[in-house]
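Have a look at the structure below before the remarks.
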Amino acid sequence: DDSRLEELKAQGFARVAIANEPPFTAVAADGKVSGAAPDVAREIFKRLGVEDIVASISEYGAMIPGLQAGRHDVITAGLFMKPERCAAVAYSEPVLCDAEAFALKKGNPLGLKSYKDIADNPDARIGAPGGGTEEKLALEAGVPRDRVIVVPDGQSGLKMLQDGRIDVYSLPVLSINDLVSKANDPNVEVVAPVEGAPVYCDGAAFRKGDEALRDAFDVELAKLKESGDFAKIIEPYGFSAAAAMSTTREKLCAAQ
Amino acid sequence: MEWDWNFVWQIMPTLLEGLKITILATALGAALAAVIGLVFAILRMTAPKPLARATSFVVEFIRGTPLLVQLYFIFYVLPDIGIRLPALLAGVIGLGLHYGTYAAEVYRAGIENVPRGQWEAAKATNLTGRQTWIHVILPQALPPMIPALANYLIAMFKETPLLSAITVLELMNQAKSVANSSYRYIEPMTLVGVFFLIMSLISVVFLRFLEERYARVEER
Amino acid sequence: MAAPIIRIDSITKRYGPLTVLDGLSMEVLPGEKLALIGPSGSGKTTILRILMTLETISGGHIEVDGEQLYHMPRNGGLVPADERYLHRMREKIGMVFQHFNLFPHKCVLDNVTLAPMLTKGVAKAEAEKRAMELLDMVGMADKAKSMPAQLSGGQKQRVAIARALALSPKIMLFDEVTSALDPELVEEVLNVMRKLAAETDMTMLLVTHEMGFAHDFADRVLFFDRGKIVEEGKPDDIFRHPRQERTQTFLRKILAAGHRL
Amino acid sequence: MAAPIIRIDSITKRYGPLTVLDGLSMEVLPGEKLALIGPSGSGKTTILRILMTLETISGGHIEVDGEQLYHMPRNGGLVPADERYLHRMREKIGMVFQHFNLFPHKCVLDNVTLAPMLTKGVAKAEAEKRAMELLDMVGMADKAKSMPAQLSGGQKQRVAIARALALSPKIMLFDEVTSALDPELVEEVLNVMRKLAAETDMTMLLVTHEMGFAHDFADRVLFFDRGKIVEEGKPDDIFRHPRQERTQTFLRKILAAGHRL
Amino acid sequence: MTDWPGYIGLILQGALVTVELTIMGSALAVVVAFAAGLGRVSRFMAVRALATAYIEFFRGTSIFVQLFWAYFVLPFAGITLTPLQTGVLALGLNVGAYGAEVVRGAVKAIGREQREACIALNLTRGQAMRHVILPQALSLMLPTFGNNAIELLKGTAVVSLISLTDMTFQAQVVRAQTGNTLIPFATILVLYFLMALAISWGMRWLERRVTRGLDGVRT
Ligand SMILES: Nc1ncnc2c1ncn2[C@@H]1O[C@H](COP(=O)(O)OP(=O)(O)OP(=O)(O)O)[C@@H](O)[C@H]1O
Ligand SMILES: Nc1ncnc2c1ncn2[C@@H]1O[C@H](COP(=O)(O)OP(=O)(O)OP(=O)(O)O)[C@@H](O)[C@H]1O
Ligand SMILES: [Mg+2]
Ligand SMILES: [Mg+2]
């Protein structure tokens, strides 16, 4: 049944969790939420009859607990699909795809090209958002916990890299590019994509039990993709519509 | 969501790891606060007017602004002027500075609480200023301060979770990271609460003991 | 007649807008026992505190034992005394307070020995020997190891007297030393002071509300009112035949309230 | 002879291990003026505080005005009194304290009117009228609007007396009402009490160290020592011809310290 | 070019939230402080125990834990509060626990003598508390309450960690969007300080009003 959707329609908005990480999500100077993920969500909810979205910024790690605790109706934040996340939430079909990237000091002094390289170099410290994909990738590659520094947000991560507190900062390619271009620091360079790390795609993440709402969302998402409006929304942010359309939730959730 | 005991035992070692850092940060922060507080107190009470005024302003400023923001400042802004502190050190300095301003008040109050008659008796028995401080004032002023200082030590302990905001892997940060990878907040957060409660209750008992022990000196 | 040991020359003392002493002058001869009486707030305590250099003065001069107290000679003139100069002058003067002001963290014996050891460098053994003599004199020898908190008010005050005597001052100041005591404890302190007056030729200034004791103890009585000496004279004259009306009123009130001479 | 208004029947009072009153019994007749004297710590204050129900008692019974004070009848027996019962009994008793205990946040008039208005529901106008009469009686009518902090000790104590009288108690308790006062202020308070004793037939219990006043004021004097009544009798007998040695020693000490009879 | 006026506006919006949190949190804190503080001196064992448990729990477990707990765990008990409500609740209850001890201390400090005067004048416990003890205790509480209010103000920064868009949070947002660290943090430090000053001035004014005529003298 579609009771959740009816609720949202009645209330006139959906509560979405976003991160503070351009270009996935962004907050303008006037406080207006934008970025590729919220823009897509806003459009689809509008088509579903839900007027608007209300966003609250959250750490990646807090998003799923927050969703489960009923603090949000959906996560639209570039939270990439991974099997264990698929088990915890109900994802929509893919929306934004990106590969992983490193920001590091000019000339890549430690020669880091993959998470494995970091694991192998006992001096290399990596910064990543807490509870994000990059943290997991690093840990899975065998980087010990004490060399994976949990960084609260992108700006802090870049700052810590510049200040030499970490040797490499890892985020999706587009996020890193956005950060580095804002910083405009000649001493920082980007390695993208990271070797051996797959391209990930996010989806809008719904609470388990809200599958009906998710399915309705998927229907509109498919139409959006079909019509080409999807590309119009995300490509200005640098995302590839083709990448999202060439894969499915099923594949991504089964990966590894 | 159900409480899961297995999960509790699974995350316990990680949390205890964090507790160690929490205690370390508290101990170092307290030691620093005790010293900084004394410096502030002496500057305020004995330095020439302009310096005393400036010290007062600094103390008031630090007391009037959140420790969290001060930590951000120390950790993220100071490197711009070439001061790059490791996270734990930055946290300890933040705690020390912040609580140093509280300690300064305690020192001042403790010294002012020594009755005026004691200063006068010291003068009437012709002791010098230094002798008065060492033999008459401080021996009376210090013991009553101990409970108040201990009180701030406990308060500081409970504020260490702020260090998680500058990447120190203390108790709260460990709990968050456990929560992040398991999507479960109930157990880690409750456990952190229980740890704090246990430590607090122990310290309350200890504090009562200190208060009793050192209240006696005040009898006249 | 010997030269005065204290010569107070038109001193003024103000607290903010309040003038407590206004051009007060007086002299005290060596060995003289002086009682200062008068209503509350008349400045009796203030004059003792000034002699002990616990206050600053707003004007005037004081000479103690032939030397200036609040001023010291420099380049032929007088300048405000510095701490070192005051330190030397204070050797001549001892004071006993209304509220004893014993050092609560030190035992009776240490209260008495502290100053001689620190200010005069007297060796511990010697300081203790002398302290025991003094404690014996005030009847407190058996309490030498007690802490002040374990003593009654009268006992504390006797220790405070011994402490002040330990520095062998030429002048002793007593500020209402019995008025914080329970009535039955007053006598033991007064007895010590009688003994002291009889046995030494120290100069003593005493502020008190015990008219009977003032009468017996003093060579001369000064009656203060509003920072001025209104009347002075032999005890018998002041107490039996006060000339000033203010003195008469004051004594009438005090005596009506149940004190005897 | 009238029935006693207070009948104390072998009461015991302990503070932890310390027994302060040990099986004390005494009776007071209506209108009697009683002076309680004795050394510090002998239990004088304690007995007044017990009558004011400021303490609990460890044993014994007290009857005030024909009713039990710490016990109330229930089902034919006596059980410890509850707050409501005590509230009713306290109407009979008023107390004046050594340290006045005025309410510092209320003006003199409000100090006096507060209790009648709250406990008896007296209307404001009426309460103020009566309060002004009482303040007039104690000579404080012109200070009705002053705050306690602006008064001298003697004035405060006179206000405190008026405040206690405002509830028209049958029994008044006075605990060393002059001993926190400057000597010259003592008389004004004692005068008020003389007047009160002369003009009313209230029962009064007075703890004091002012032997002269006790002598003139009291119909009967009780000498306390260590929680016991050691001697009692007419003032002349007790003060001039004490029979007990302890009474003699006590009076000798007090009188030697400068108090007169 | 960075739109600084816009971003400063964002911080000011956050400042508004901070002020809102401080005021509502303080209001809650005062209410619970009196309830629990008076509960601590109650005649009834059960009331005392309840008040003590509340005070020890909230003083013992650190505001962070309380905040995260209220935000993430309470919803499972069916209580879902908005972040603002959560912030007000956690801050108010936390600071209220400290305030309760202030209330208790002040009431006790007014002391035996005033209490006994009330008994001698036959006031009931309630009357004594309302007309005699509390009016005096209030002037003793105010300075510490002022300090508590400042502690609460500082505590609001912590709610940024549960994604409430207060001043600290907005500073973080501005920082992420502009890449500048110094300006947002320096701005909010100054703003916090000004707010703290405003609180202490306000409390001093209040104190003067309450103690007027008392001359600070207490017999
Ligand atoms: N530190 C001070 N600041 C302001 N005024 C003071 C101070 N010390 C004393 N005074 C005032 O100076 C006056 C004289 O005080 P002093 O203590 O000398 O009187 P006193 O004669 O000793 O009275 P008492 O018999 O009550 O001890 C009083 O009016 C008193 O209020
Ligand atoms: N609250 C208390 N706790 C313990 N002991 C107490 C308490 N109140 C009084 N006492 C003790 O009870 C005894 C009698 O005290 P009480 O105050 O009745 O004496 P008093 O005759 O009034 O003496 P004073 O003349 O000094 O006022 C004393 O030994 C005192 O120390
Ligand atoms: Mg004096
Ligand atoms: Mg007594």
Kindly establish whether D:Thr113 is polar (S, T, N, Q) and open to solvent by less than 10 Å² (accessible area, probe 1.4 Å). yes
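Listed here are the residues, each with its yes/no results for (1) within 16 Å of ligand 2 (Cβ to nearest atom); (2) within 14 Å of another protein chain (Cβ to nearest Cβ).
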| site | (1), (2) |
| --- | --- |
| D:Met72 | no, no |
| D:His87 | no, yes |
| D:Lys92 | no, yes |
| D:Asn101 | yes, yes |
| D:Pro104 | no, yes |
| D:Cys107 | no, yes |
| D:Asp110 | no, yes |
Across region A:17-56, what is the number of residues that are away from chain E (no Cβ under 12 Å), of a type in the set (A, V, I, L, M) and under 18 Å from A:Pro94 (Cβ atoms)? 5
Tell me, which residue of region C:170-184 that is surrounded by 20 or more Cβ atoms within 10 Å (Cβ to Cβ) and more than 11 Å from the chain's Cα centre (by Cα) is farthest from ligand 4 (Cβ to nearest atom)? C:Thr178
Consider A:Ser56 against the criteria (1) more than 19 Å from A:Arg214 (Cβ to Cβ); (2) assigned to a loop (DSSP other than H, G, I, E, B): it satisfies all of them except one. Which criterion is unmet? (2)
From the list A:Asp202, A:Asp178, pick out the single residue that is closer than 17 Å to A:Thr25 by Cβ and within 14 Å of chain E (Cβ to nearest Cβ). A:Asp178
Candidate set: region D:166-198, residues that are acidic (Asp, Glu) and at pLDDT below 90; chosen: the one nearest to ligand 1 (Cβ to nearest atom): D:Asp182
It is to be established whether one or more residues within region E:107-126 are in contact with a Gly (Cβ under 9 Å, 6 or more places away or on another chain), under 30 Å from E:Phe72 (Cβ atoms), touching a residue at least 60 places away in the same chain (Cβ under 8 Å) and open to solvent by less than 30 Å² (accessible area, probe 1.4 Å). no
Regarding A:Gly209, is this residue within 14 Å of chain B (Cβ to nearest Cβ), part of a loop (DSSP other than H, G, I, E, B) and open to solvent by 10 Å² or more (accessible area, probe 1.4 Å)? yes
Considering only region E:137-157, state which residues are at the interface with another protein chain (Cβ under 7 Å from one of its Cβ atoms) and in contact with a helix residue (DSSP H, G or I) (Cβ under 6 Å, 6 or more places away or on another chain). E:Ile150, E:Ala157
Give the residue, chosen from E:Leu67, E:Leu74, that is open to solvent by less than 50 Å² (accessible area, probe 1.4 Å), within 14 Å of chain B (Cβ to nearest Cβ) and under 15 Å from the mean Cα position of the chain (by Cα). E:Leu67
Total residues in region A:138-159, condition open to solvent by 20 Å² or more (accessible area, probe 1.4 Å), closer than 18 Å to A:Lys113 by Cα and part of a helix (DSSP H, G or I): 3
List pairs: first residue in region C:174-189 and closer than 14 Å to C:Gln98 by Cβ and more than 7 Å from chain D (Cβ to nearest Cβ), second residue among the charged types (D, E, K, R) and part of a helix (DSSP H, G or I) anywhere in the structure, Cβ distance under 8 angstrom, at least six positions apart or on different chains. C:Asp175/C:Lys44; C:Asp175/C:Arg49; C:Val189/C:Arg158
Would it be correct to say that C:Ile8 is away from ligand 1 (no atom under 13 Å from the Cβ) and either open to solvent by less than 10 Å² (accessible area, probe 1.4 Å) or within 16 Å of the chain's Cα centre (by Cα) (or both)? yes
Which of (1) within 14 Å of another protein chain (Cβ to nearest Cβ); (2) away from ligand 3 (no atom under 15 Å from the Cβ); (3) hydrophobic (A, V, I, L, M, F, W, C) does C:Ile8 not meet, given it meets every other one? (1)
State the number of residues belonging to region A:231-256 that are in contact with a strand residue (DSSP E or B) (Cβ under 7 Å, 6 or more places away or on another chain), open to solvent by 40 Å² or more (accessible area, probe 1.4 Å) and outside any helix (DSSP H, G or I). 1
Please go through region C:30-43 and give me each residue that is open to solvent by 10 Å² or more (accessible area, probe 1.4 Å) and within 14 Å of chain D (Cβ to nearest Cβ), ordered by number. C:Pro39, C:Ser40, C:Gly41
What do you reckon, is D:Glu210 crowded, with 17+ Cβ neighbours inside 10 Å and at positive phi? no
Test A:Tyr169 against the criterion of being within 14 Å of chain B (Cβ to nearest Cβ) and of a type in the set (Phe, Trp, Tyr), and give yes or no. yes
Selection within region E:162-190 - farther than 10 Å from E:Leu10 by Cβ and facing chain A (nearest Cβ under 7 Å): E:Ser163, E:Gln172, E:Arg175, E:Ala176, E:Gly179, E:Thr181
Is it the case that some residue within region B:121-144 is facing another protein chain (nearest Cβ under 7 Å), open to solvent by 50 Å² or more (accessible area, probe 1.4 Å), in a helix (DSSP H, G or I) and not hydroxyl-bearing (Ser, Thr, Tyr)? yes
Which residues, taken from region A:168-189, are touching a Leu at 6+ places or on another chain (Cβ under 6 Å) and in a strand (DSSP E or B)? A:Val168, A:Tyr169
Note on region A:87-100: residues closer than 22 Å to A:Gly196 by Cα and either touching a Ser or Thr at 6+ places or on another chain (Cβ under 7 Å) or within 14 Å of chain B (Cβ to nearest Cβ) (or both) are A:Pro94, A:Cys97, A:Glu100
Those residues that are open to solvent by less than 30 Å² (accessible area, probe 1.4 Å) and either more than 22 Å from B:Gln118 (Cβ to Cβ) or in a strand (DSSP E or B) (or both), I need them from region C:78-91; list them, please. C:Ala81, C:Tyr85
Quick one: which residue in E:Gln177, E:Gln136 is in contact (Cβ under 8 Å) with a residue 24 or more places away in the chain and under 30 Å from D:Met52 (Cα atoms)? E:Gln136
When you look at D:Ala218, is it hydrophobic (A, V, I, L, M, F, W, C), more than 9 Å from chain C (Cβ to nearest Cβ) and open to solvent by 50 Å² or more (accessible area, probe 1.4 Å), yes or no? no
Which of the following residues is more than 16 Å from ligand 4 (Cβ to nearest atom) and either open to solvent by 20 Å² or more (accessible area, probe 1.4 Å) or more than 9 Å from chain B (Cβ to nearest Cβ) (or both): C:Ala162, C:Ala166? C:Ala162
Looking at region B:172-185, is at least one residue surrounded by fewer than 21 Cβ atoms within 10 Å (Cβ to Cβ) and either modelled with pLDDT under 85 or away from chain A (no Cβ under 12 Å) (or both)? yes
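The values are calculated or read from the model by the stated rules, or taken from the named source; none is laboratory data. No experiment lies behind these values; they were computed from the predicted model shown. Please note: Cβ atoms are built from the backbone with ideal geometry, for glycine as well, and neighbour counts cover all protein chains shown. Note: areas computed on protein heavy atoms with side chains; ligands, DNA, RNA excluded. Shrake-Rupley method; radii C 1.70, N 1.55, O 1.52, S 1.80 Å.
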